[in-house]
Every structure is written in structure tokens, then in C-alpha cells.
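Structure first, then comments.
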Amino acid sequence: MHLLNSTAMLTLLLASGIQAEEQRPKPKATTPEEAVKYLLEAAKADDVDSFLAQLGGHTRAIMQMGRAFEAYFAALEEKFGNNPKPGFRHSVKESLLPFKRKAYQVRDQVAKDKERVDLTVWEITKRKDGTESIQEETWVSIKEPGGWKIVLPPKGVIKHAVRKDANGKEVKISVLKTREFDAYKSAREANMWREAEQVLESLTKDIKAGKYPSREKAEAALRKAKQQLEK
């Protein structure tokens with residue numbers, strides 16, 4: 001477990017702003033395709049809360065933990081001023097940018113069981129010369145109490161392939177090959193990220209309450225919490 005490792009974790013994030021946006025009803029996807037539709041609509045609208053609402057499993061837990069990290073950093077700056085050595089800080093909201101700039105098409109779907117459907121999705125990027133590059137990914141859709149949700153693919157290996165587009169024309173694409181989705185492992189990972197989120201929320205609360213006399217003491221508390229979680 002490498003929880004609370006901000007650099008490694010934040011590279012995985014798709015995520016949001018520090019302050020939660022005004023609460024409003026989120027659409028409930030009744031099909032996997034609707035979950036994709038609502039996810040992309042939320043990204044285009046810069047609506048982080050709605051984007052997270054369409055995510056499922058460990059994907060949502062990772063992003064929620066990312067928001068907790070941002071709140072922690074914000075509390076540090078509010079209490080102790082700007083960090084003289086800020087390092088790399090990936091905004092959760094910045095992770096929505098690819099979903100805004102690219103086009104996505106659901107090309108196929110395979111029902112694995114009553115509560116899981118694997119979607120073949122084309123991620124289409126328009127080049128400056130007008131041509132397109134296509135990456136094929138597998139997005140897993142799982143049925144939760146709040147409707148169908150999307151689990152985005154992890155990092156993997158890119159392989160080249162040839163597919164036929166909607167017009168029957170052969171096109172060269174890149175295929176992202178990743179590990180098979182495992183519901184049990186996803187649930188375990190989600191629990192770990194939620195534990196980390198709770199620790200961060202507690203630390204943020206303590207910073208705001210003035211428990212730590214300096215930034216160094218607050219950061220030391222974070223390191224100690226990380227060590228405890230990794231045992």
C-alpha cells in the first residue's frame with residue numbers, strides 16, 4: 001500500500017476543486033451508455049461533483065481522496081502561507097480536460113453479468129492537420145444503488161490494430177491493454193482510498209483548529225499517518 005503518496009496518487013487522478021460545488025440533483029444512469037453520456041456532459045460543463053457521481057468502484061474513491069488532498073494543501077496555505085517548496089501539484093479539476101478536448105464513442109459492449117458491462121470505447125483526438133488518432137479502451141460499467149457507474153481503465157500497454165469505422169473503412173488505431181477488472185480487488189482498493197481520505201480530512205480539520213504550530217509539524221503528522229496506513 002502506498003497510500004498518501006501524493007505524487008504517485010495524483011498522477012492517477014481524474015478530479016476537482018477544493019470547495020464542493022453547489023449541491024444539485026445528479027442524473028441517475030439507467031444504462032451503461034447513459035453513464036458514459038452523463039460523465040462526458042459533466043466534464044464538458046466543468047462539473048466535478050457530477051463527474052464523480054458517474055464514477056464507480058475504486059475510481060471514484062481515488063478522486064474523492066484527491067479532493068481531500070487538495071483541501072489539506074489549502075488548509076496548510078491558509079494557516080502557514082504559500083509553501084516555499086510547492087513541488088508538483090496536479091489539480092483534480094485539470095483531469096477533466098481530456099474528456100473535454102477529445103471525442104468518445106461507445107463501439108461495443110459485452111455483459112459480464114447482471115451488474116457489469118464492459119464497454120469498448122474509442123477516444124478520438126483531432127490533430128492539427130485535421131486527421132484523427134484513435135485509442136481503443138475498455139471502460140467497465142458497474143451497477144450500483146445510484147445507477148450504472150463507470151470505472152475508468154488503469155495504465156496499460158499500447159498495441160496497434162486495425163478496425164473498421166462506422167462507414168466500414170479500415171482505420172489504424174491504438175488499443176490500450178490493461179489488467180482485467182476484478183470487483184473484489186476494486187472494492188478493497190476503494191476501502192483503502194477511503195481510509196486515506198478520512199485521515200486527510202482529520203488532518204485538515206486539525207490544521208484549521210490550530211493543532212499544529214508549524215507547517216513542518218503538520219507535514220510530519222501526514223508522514224506518520226502514511227506510515228500507519230502502510231502497516
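Candidate cross-link partners of Lys172 among the lysines, defined by an alpha-carbon separation under 19 Å and a same-chain spacing of 8 or more, comprise Lys102, Lys126, Lys128, Lys159, Lys164.
Our note on the geometry: Cα centres of region 171-231 and region 43-63, 17 Å apart. Result for the chain in a Gaussian network model with C-alpha springs under 10 Å: among Ala71, Ala220, Ala190, the largest mean-square fluctuation is at Ala220. What residue among Tyr212, Ala183, Thr30 has its Cα farthest toward the positive end of the dipole of the chain, where the charges are +1 on Lys, Arg and -1 on Asp, Glu, each on the Cβ? After comparing all options, I get Tyr212.
One decimal place: the segment Lys185-Glu132 gains 15.5 nm when fully extended, by the rule 0.36 nm per residue minus the C-alpha distance.
Go ahead and set up a Gaussian network model of the chain, Cα springs under 10 Å, then flag whichever of Arg60, Arg179, Arg127 fluctuates most. Ranking Arg60, Arg179, Arg127 by mean-square fluctuation puts Arg127 first.
The C-alpha atoms of the chain occupy a region whose extents along the principal axes are 66, 43, 36 Å, arranged from largest to smallest. Within the chain, antiparallel bridges make up roughly 90 percent of the DSSP beta bridges whose residues both belong there. Mean separation of Cα pairs under 8 Å and 6 or more residues apart, divided by the residue count, gives region 6-230 a relative contact order of 23 percent. Only helices enter this figure: runs of n ≥ 4 DSSP H residues, each worth -39500 (n - 2.57), summed and divided by the residues of the chain, yield -13000 deg cm²/dmol at 222 nm to the nearest 500.
Need the full-extension length gain, Arg215 to Glu230, defined as separation in residues times 0.36 nm minus the C-alpha distance. One decimal, nm.
3.1 nm
The charge dipole of the chain, taken about the Cα centre with unit charges on the Cβ atoms of Lys, Arg (+1) and Asp, Glu (-1), comes to about 420 debye, rounded to the nearest 20.
Computed from the coordinates by the stated procedures, all read-outs in this text should not be read as laboratory data. Just so it is clear, the structure is predicted and the values come from calculations on it, not from any experiment. Don't worry about glycine lacking a Cβ; one is built from the backbone with ideal geometry, like all the others, and counts go over all protein chains shown.
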